[in-house]
Amino acid sequence: MFRPLIISSLLAVLALQPAPDARTPDPDLLSVRFTNGTVAKVRVLGLEETRVDLREIVFDGGMDVRHTLDEFEPSSAFRIELAARRPGTPDEHAAMARRAAELELPQFAVEQAGEALQLLRERRDDTGEEQLRTWLVGVLEGWLRDALDRGDLAEANRYLRLIATRHANLLSEPTLGELAHAVDALERDRAAARRAERQAKLDERARADIERRLEPIREEIRRGDELYLDAVRISAEATRSAELAEEAVESYRDAWKAASKLHERHPGDAALVVEIESIANHLHDHAILAGLHAADLLAVRSDYYGALEWVDTVLAIDPEHAEAQEMKRTILVAKSAAAAWLNWGPAGR
């Protein structure tokens, strides 16, 4: 039987890493990097404590070597350990998730936790599932706050969406709202600093004139941003959250229509055009954030048609958006599997 957690786990990994190579590599052959920068292709033969036996592949032959895990960069060390341990039970996958968290490897932590959660759900172990999800959300929230401290807006947005679309019921609405507003505040502070730098060379009258013209557009943008933040805050109410995301995108569309008309009336006003360009970038990025939020919510809840509509909306905004492209492929696979199970697809005929 196809279960919604499969798509949840797939999308969780997707939210933290770029689209994979289209080729299908040999899963037992690893490309690893040593801390000194050397790269090697290896097969894992065994692991004892921190000592690992490897077969290093050179052309069509190889040689057996022994190293310790600390000789490898964290990602490589983890993949070696994963290949050696080959986790198959919920506890084993959970242990590897915690190991990945220790190594500060979010994509692997989410992937292994997802494997464990799937097995726990199959076993109807509600207590174990809740305990692991609570741990995972705590780790993700910690990484989100660390990203905010570092000023890494892209990472903060990834963690926020991952928490909101998959584990929102483990956080209170005020906490989720506080996290969303913290991410928004980081972006607003940066935008304000850039705007002040752009307008520093303008006299007070010119600045006031630009802001007067842009104020109705900025107000519509603020409305869209608040709708998006509310959508994140009430993510546990999936249907209403997706509706708010849609309202946010409509506000962004309205803001762009007004900005576009203003540009048409004043194409030669260089300072104004620069501000409109900044507005366009904000609308582009936030419409995508809202669209991916809605797509994630719907996909995790097996509304594949609705999720695909939102992914297509994102791709209409940015046809080259790698995450949306991979999300579409993932949703199509899940949709096909569900249809086959219901005897709707070719596999079920």
(request) Name, by its number, the condition in (1) over 22 Å from Val183 (Cα atoms); (2) open to solvent by 40 Å² or more (accessible area, probe 1.4 Å) that does not hold for Asp285. (result) (1)
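Take the range 95-112 and flag every residue that is of a type outside the set (Lys, Arg) and without any contact (Cβ under 8 Å) to a residue 40 or more places away in the chain.
Narrowing the range 95-112 to residues of a type outside the set (Lys, Arg): 95-97, 100-112.
If the condition is that a residue be of a type outside the set (Lys, Arg) and without any contact (Cβ under 8 Å) to a residue 40 or more places away in the chain, then Ala95, Met96, Ala97, Ala100, Ala101, Glu102, Leu103, Glu104, Leu105, Phe108, Ala109, Gln112 are the ones that fit.
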(message) For the range 198-249, give me each residue that is acidic (Asp, Glu) and farther than 25 Å from Ala182 by Cβ.
(response) Asp203, Glu204, Asp209, Glu211, Glu215
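Taking Gln107 as the residue in question, decide whether it is open to solvent by 20 Å² or more (accessible area, probe 1.4 Å), more than 30 Å from Glu277 (Cβ to Cβ) and more than 19 Å from the chain's Cα centre (by Cα).
Details: open to solvent by 20 Å² or more (accessible area, probe 1.4 Å): yes; more than 30 Å from Glu277 (Cβ to Cβ): yes; more than 19 Å from the chain's Cα centre (by Cα): no.
In short, no.
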(request) Restrict the check to the range 123-140 and report whether at least one residue is buried (at least 20 other Cβ atoms within 10 Å of the Cβ), among the hydrophobic types (A, V, I, L, M, F, W, C) and under 21 Å from Lys41 (Cβ atoms). (result) no
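Can you spot a residue in the range 289-303 that is of a type outside the set (A, V, I, L, M, F, W, C) and at pLDDT 95 or above? Reasoning before the result, please.
Going residue by residue through the range 289-303, those that are of a type outside the set (A, V, I, L, M, F, W, C) are 291, 293, 296, 301-303.
If we keep only those that are at pLDDT 95 or above as well, we get 291, 293.
Yes, that holds for at least one residue.
To keep it simple, each residue is scored yes or no on (1) surrounded by fewer than 17 Cβ atoms within 10 Å (Cβ to Cβ); (2) touching a His at 6+ places or on another chain (Cβ under 9 Å).
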{"residue": "Val249", "(1), (2)": "no, yes"}
{"residue": "Arg253", "(1), (2)": "yes, no"}
{"residue": "His266", "(1), (2)": "yes, no"}
{"residue": "Glu275", "(1), (2)": "no, no"}
(request) Inspect the range 70-81 for any residue being of a type in the set (Phe, Trp, Tyr) and surrounded by 11 or more Cβ atoms within 10 Å (Cβ to Cβ) and give the result as yes or no. (result) yes
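Go through the range 144-160 and give me each residue that's open to solvent by less than 20 Å² (accessible area, probe 1.4 Å), in a helix (DSSP H, G or I) and not aliphatic (A, V, I, L, M). Before you say what the answer is, go through the steps one by one.
First, pick out the residues of the range 144-160 that are open to solvent by less than 20 Å² (accessible area, probe 1.4 Å): 144, 147, 151, 156, 159-160.
From what is left, the residues that are in a helix (DSSP H, G or I) are 144, 147, 156, 159-160.
Of everything in the range 144-160, just one residue is open to solvent by less than 20 Å² (accessible area, probe 1.4 Å), in a helix (DSSP H, G or I) and not aliphatic (A, V, I, L, M), namely Tyr159.
Condition check ((1) over 23 Å from Pro90 (Cβ atoms); (2) touching a residue at least 40 places away in the same chain (Cβ under 8 Å); (3) not charged (D, E, K, R)) across all residues:
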position	(1), (2), (3)
Gly128	no, no, yes
Leu140	no, no, yes
Asn169	no, yes, yes
Ala182	yes, no, yes
Glu187	yes, no, no
Lys201	yes, no, no
Gly224	yes, yes, yes
(message) Quick test of your reading of the structure: Thr330 fulfils all but one of (1) at pLDDT below 95; (2) in a helix (DSSP H, G or I); (3) open to solvent by 50 Å² or more (accessible area, probe 1.4 Å). Name the failing condition by number.
(response) (3)
(message) If Leu202 meets every condition in (1) surrounded by fewer than 19 Cβ atoms within 10 Å (Cβ to Cβ); (2) modelled with pLDDT under 95; (3) assigned to a helix (DSSP H, G or I) apart from one, which number is that one?
(response) (3)
(request) Could you please let me know if Glu226 is open to solvent by 70 Å² or more (accessible area, probe 1.4 Å), out of contact with any His (no Cβ under 9 Å at 6 or more places or on another chain) and modelled with pLDDT of 95 or more? (result) yes
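A quick yes/no check of all residues on (1) within 20 Å of Ala258 (Cβ to Cβ); (2) in contact with a Leu (Cβ under 8 Å, 6 or more places away or on another chain); (3) open to solvent by 20 Å² or more (accessible area, probe 1.4 Å); (4) among the hydroxyl-bearing types (Ser, Thr, Tyr):
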residue	(1), (2), (3), (4)
Leu162	no, yes, no, no
Leu170	no, no, yes, no
Gly177	no, yes, no, no
Leu186	no, yes, yes, no
Ala191	yes, no, yes, no
Glu197	no, no, yes, no
Ile210	yes, yes, no, no
Arg213	yes, yes, yes, no
(request) Quick one: count up the residues across the range 289-313 that are open to solvent by 10 Å² or more (accessible area, probe 1.4 Å) and either under 20 Å from Glu219 (Cβ atoms) or not in a loop (DSSP other than H, G, I, E, B) (or both). (result) 11
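The values are calculated or read from the model by the stated rules, or taken from the named source; none is laboratory data. No experiment lies behind these values; they were computed from the predicted model shown. Please note: Cβ atoms are built from the backbone with ideal geometry, for glycine as well, and neighbour counts cover all protein chains shown. Accessible surface is based on the protein model in full, side chains and every heavy atom, while ligands, DNA and RNA are left aside. Shrake-Rupley method; radii C 1.70, N 1.55, O 1.52, S 1.80 Å.
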